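The values are calculated or read from the model by the stated rules, or taken from the named source; none is laboratory data. Fair warning: this is a prediction, and the values are worked out from it, not measured in the lab. Don't worry about glycine lacking a Cβ; one is built from the backbone with ideal geometry, like all the others, and counts go over all protein chains shown.
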Amino acid sequence: MRKWMGWIIGLSFLSIVLLGGYLFAQDEEMTIAHEEVFQKLERAPVIFTHQKHVDVLGGDESCADCHHVYSEEEGKAVYEEGEETGCTDCHGFKDEKREDGGVTPSLMNAYHTNCVGCHRKLAREKKNTGPATCGECHNRANWKLIEKTEEAKEH
Ligand code: HEC
Ligand code: HEC
Ligand code: HEC
Ligand code: HEC
């Protein structure tokens, strides 16, 4: 009897630790799945570790690697501190020709140029880098992450 109680207490403790880790991990990870832009996703959602990227890419220096605003004077995207927003604010379903003649890439192209572009560049420089093949980012196992949110929305 004693032995069983020990096991049960041990297992409950373990599950609390695991659950805690899971919730913490969720906090640190973004699930990128812009169904509002792409409608039905062709590829599985992408897990993006925002804070880890910031840490690895140099803290406050890193923001400009990914974030920018549109500068009318310069007719291009420039980094402005404190103005970091989600990419969907400006990048839509299709590439878009602007009045100034420039083109604002589609959301998919913006992500691929930014994410895959950097991972490839660092790989060429033989530095610590991230994935560049489809399945590594669009990991099938990530489908469950949005099925879960849809379920949560229904309830
Ligand atoms: C470094 C990570 C990364 C890699 C590698 C990558 N993608 Fe993506 N891709 C993204 C992100 C982030 C999005 C935006 C996802 C979203 O909002 O659902 C995206 C969006 C897409 C979309 C539009 C959304 C959808 O699911 O319909 C397609 C299609 C796509 N990728 C296909 C590919 C293919 C094919 C490859 C390999 C040739 C690839 N991607 C490689 C990160 C990546
Ligand atoms: C490696 C790329 C990358 C770096 C570096 C980065 N971000 Fe981001 N950030 C993103 C992406 C991608 C999103 C939006 C994810 C999405 O589309 O759902 C985002 C979202 C955000 C958001 C939320 C915007 C919103 O409205 O949802 C804020 C705020 C933000 N970042 C601030 C920062 C700051 C400040 C830094 C520098 C300390 C930084 N980011 C560094 C890629 C990055
Ligand atoms: C305030 C609007 C705005 C936001 C927010 C925004 N972009 Fe952009 N982005 C633009 C515009 C406008 C261009 C086209 C600039 C040009 O024509 O030179 C652009 C261009 C790009 C390009 C192409 C750069 C090149 O050299 O070809 C990439 C990649 C990109 N954005 C990624 C992102 C990512 C990733 C995010 C989110 C973390 C984001 N953008 C958020 C407006 C925005
Ligand atoms: C400026 C360079 C840069 C950009 C932009 C960038 N990454 Fe990364 N990424 C890295 C580096 C460096 C690592 C390796 C981190 C490590 O393992 O220490 C990484 C690792 C990853 C990994 C592996 C798992 C992890 O989190 O360590 C994924 C997935 C990933 N990146 C997705 C993305 C996506 C999605 C985007 C675009 C929204 C993106 N990255 C943009 C540099 C970049």
* **Any chance N128 is surrounded by 15 or more Cβ atoms within 10 Å (Cβ to Cβ) and polar (S, T, N, Q)** => no
* Would you point out the residue of the stretch 46-78, among those that are under 18 Å from L107 (Cα atoms) and part of a loop (DSSP other than H, G, I, E, B), that is nearest to the chain's Cα centre (by Cα)? => H67
* Asked: Out of (1) over 14 Å from the mean Cα position of the chain (by Cα); (2) free of Cβ contacts under 8 Å to residues at least 24 places away in the same chain; (3) more than 9 Å from ligand 1 (Cβ to nearest atom), the odd one out for T133 is which?
  -> (3)
* Asked: Just for the stretch 101-113: of the residues that are surrounded by fewer than 16 Cβ atoms within 10 Å (Cβ to Cβ) and under 16 Å from the mean Cα position of the chain (by Cα), which one is farthest from ligand 4 (Cβ to nearest atom)?
  -> N109
* Considering residues of the stretch 80-100 that are among the acidic types (D, E) and within 17 Å of Q39 (Cα to Cα) only, the residue surrounded by the fewest Cβ atoms within 10 Å (Cβ to Cβ) -> D89
* State which residue pairs qualify: first residue within 13 Å of ligand 4 (Cβ to nearest atom) and inside the stretch 62-84, second residue in a loop (DSSP other than H, G, I, E, B) and of a type in the set (S, T, Y) in any location, beta carbons under 8 Å apart, and separation of 6 or more residues or different chains. => C63/Y79; A64/Y79; H67/Y79; H67/T85; H68/Y79
* Residue in the stretch 34-44 that is within 11 Å of ligand 4 (Cβ to nearest atom), at pLDDT 95 or above, within 21 Å of K148 (Cβ to Cβ) and within 16 Å of the chain's Cα centre (by Cα) present -> no
* Mind counting the residues in the stretch 79-113 that are away from ligand 1 (no atom under 16 Å from the Cβ), assigned to a loop (DSSP other than H, G, I, E, B) and more than 22 Å from I47 (Cβ to Cβ)? => 10
* Considering only the stretch 30-45, state which residues are within 11 Å of ligand 2 (Cβ to nearest atom) and in a loop (DSSP other than H, G, I, E, B). => A33, H34, P45
* **Yes/no for I146 being in a helix (DSSP H, G or I) and either surrounded by 13 or more Cβ atoms within 10 Å (Cβ to Cβ) or not basic (K, R) (or both)** => yes
